[in-house]
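Below is one structure, written out as structure tokens; the observations come after it.
Read the figures in this text as sums done on the coordinates, not as results from a lab. For clarity, every value in this text was computed on a predicted model and none was experimentally measured. So basically every Cβ, Gly included, is an ideal-geometry build from the backbone, and we count neighbours across all protein chains shown.
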Amino acid sequence: MRQLNPKLAEWLVAVNAQVAQVKAAGFEPTPVNARESLANLTAGFVTAGPDMKVSDTVVTGGEYAVPVRIYQPEGAIDGAAVIYCHGGGHMAGSVTVYDPICRRIADTSKRTVISLEYRLAPENPYPAALNDLISVVRHLGTALDRKGVVHNGRWILMGDSGGGALCASASRLLQHQPNTIDAQVLIYPSLDYTMQTPSIEENGRGYLLEKEKILWYFNNYLQGAENPHSVSPLHGEFTKNMPATLVVTAEFCALRDEGVEYVNKVRAGGANAELLHFDDMIHAFLNVESLVPEACERVYRHVAEYLQGV
């Protein structure tokens with residue numbers, strides 16, 4: 001029997017009441033209020049991350065000079081660095097919003113983490129953000145060399161929600177090319193732009209990420225003649241060349257089923273995949289850490305342990 005974490009359940013009562021109130025008053029979603037909402041949510045529930053060496057640069061060589069922030073924890077291990085793509089439905093989120101989360105990833109995993117300020121929709125629709133990530137995969141080494149950051153030229157793609165979609169999309173496109181991706185970590189990722197999995201209906205109302213908001217995100221992201229099925233990572237080709245994959249899912253997340261199905265498809269294609277499922281969590285629970293600190297700690301710890309084998 002499904003049972004939501006009690007602290008989340010109590011919090012969602014207030015959130016859902018507020019949502020109903022603003023909708024009744026004629027609320028209209030815009031890129032501005034979507035960005036403010038995610039920024040305020042994260043700032044209100046995630047405290048500052050651990051101190052470490054942090055620097056900024058841009059990665060050039062593609063169609064856009066991609067700003068990135070580099071996190072270097074004390075005692076960083078020799079191994080692939082993490083390229084992090086923040087969540088936000090392709091429309092919200094930023095390096096600044098995700099600063100405490102990236103600090104936690106770097107500190108726990110003892111990996112250098114590079115956080116991307118990729119271009120956002122609707123100003124920059126598909127495939128701008130995906131092109132930014134691929135450009136960083138191909139040209140990051142040069143940027144790190146310029147900054148004097150030690151690396152081995154190998155990368156781990158990591159992202160949550162819409163950022164997870166970008167990582168999975170890049171892995172799909174690069175699997176037949178000589179590349180430097182050792183693994184990918186996808187946290188409650190958005191993988192199916194057709195919105196056909198059962199959890200979209202089951203969890204699409206009342207659990208923070210709602211079906212109508214997902215559709216709004218996708219309509220702002222896919223503005224051209226893209227076929228939602230053909231650009232969905234879930235419906236792409238899966239071969240043994242796919243990177244080792246860890247997917248984190250939450251029982252009360254609208255995107256739950258596509259994450260589970262993705263793991264099954266990676267395995268069926270001949271590559272390694274692992275699922276970490278939280279049976280009492282919602283989408284974006286890393287962004288409300290003070291409500292569920294144990295679950296967030298488990299994510300960071302599990303990711304660090306998983307990456308030890310990469």
Which distance in Å, rounded to a whole number, links the C-alpha centroids of segment 239-310 and segment 134-190? 17 Å
Roughly how large, in nm² to one decimal, is the mean projection of the convex hull of the alpha-carbon atoms in segment 47-103? 5.1 nm²
Taking just the alpha-carbon atoms of segment 131-188, what radius of gyration and Dmax come out, in angstrom? 11.7, 34
Using only Cα atoms, figure out Rg for segment 75-177 and give it as a multiple of 2.2 N^0.38 Å. 1.04
Per-peptide average of other Cβ atoms within 10 Å, ordering 14-27, 70-83 highest first: 70-83, 14-27
Once the convex hull of the alpha carbons of segment 1-137 is built, what does its volume come to per residue, in cubic angstrom? 160 Å³
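Starting from the Kirkwood Rh over alpha-carbon pairs, what translational D in µm² s⁻¹ does segment 223-287 have by Stokes-Einstein at 4 °C and 1.567 mPa s? Spell out each step's value before the answer.
Values: Rh = 12.9 Å.
In µm²/s, the coefficient is 100.
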The long-range amide H neighbours of Glu274, using H built 1.01 Å from N in the peptide plane and a cut-off of under 5 Å, are Thr245, Leu246, Val247
Cα-based shape type of segment 164-310, given that a ≥ b ≥ c are square roots of the gyration tensor eigenvalues and the cut on a/c is 1.5: oblate
Over segment 1-73, volume per residue of the alpha carbon convex hull, in Å³: 209 Å³
Measure of size requested: the Rg and Dmax of the chain, with Cα atoms as the atom set and Å as the unit; please supply both. 18.2, 54
Provide the packing ranking of 112-123, 207-218, 49-60, i.e. peptides ordered by the mean count of other C-beta atoms within 10 Å per residue, highest first. 112-123, 207-218, 49-60
Could you work out [θ]222 nm for the chain from helices alone, using -39500 (n - 2.57) per DSSP H run of at least four and dividing by all its residues? Round to the nearest 500 deg cm²/dmol. -12500 deg cm²/dmol
